[in-house]
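After the structure tokens below, expect a handful of questions from me.
The numbers here are math on the coordinates, done by the rules we state, and not lab data. Worth saying up front: this structure is predicted, and the values here are computed from it rather than measured. Every residue, glycine as well, gets a Cβ built from its backbone with ideal geometry; the counts of neighbours run over all protein chains shown.
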């Protein structure tokens, strides 16, 4: 004989009454994460809270959004514009040009670099596209570009500290490519160099206008 858990008559009666009344048991709603619930300011605040505690960690299990990247781009652009204003004085057209160039650097790092790096990696071995993974790492590492913009405000020994900060960013990108895409160091270095050179060439062309 099949043994089943006993269900009382009263319990069945309550279930029938609930169905007749149209009562539907709802699942408890999940509380949205701050990155989705808040605005861009909340995303940037959450980003830096993670960055300060884990500056060298990868994407991990956290939620990373594009708003974090664009928020950091805006912050870096403002810092760079302030640095130019202090250095050469208040020249509106120059400040606008510097602001656009700084913001465009993040745009290229997020869109151009992953595609170029992925193309280089796929020349050496057949693999699935890693563009989305690289774009995610650009969001995670975007804080280092903000730090480079902050270092630029220091007039002592400029531009050596600024270039050192950019070099540190490139090294961290190479490490991220090696870890997240899981390729040898040689391929990681080659892909990073190709992506960085592509971004640098486009930035140089943009700055010439």
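Kirkwood hydrodynamic radius, computed over distinct alpha-carbon pairs, for the range 64-207: how many Å, to one decimal?
15.7 Å
What does the highest-first list of 175-186, 75-86, 139-150 look like by mean Cβ count within 10 Å?
Descending mean neighbour count gives 139-150, 75-86, 175-186.
Next question. How big is the Rg/Rh ratio for the range 103-184, C-alpha atoms only, Rh by Kirkwood, two decimals?
Rg divided by Rh gives 1.04.
Extension gain residue 124-residue 90, at 0.36 nm per residue separation less the Cα-Cα distance, in nm?
7.3 nm
Take every Cα pair under 8 Å in the range 63-208 that's 6+ residues apart, average their separations, divide by the length, and report that relative contact order as a whole percent.
31 percent
Which parts of the range 186-209 would a label at residue 97 reach, counting a residue when its backbone N lies under 17 Å from a point 7 Å out along Cα-to-Cβ?
202-209
Something else about it: Give the separation of the Cα centroids, the range 63-120 to the range 192-209, in Å.
13 Å
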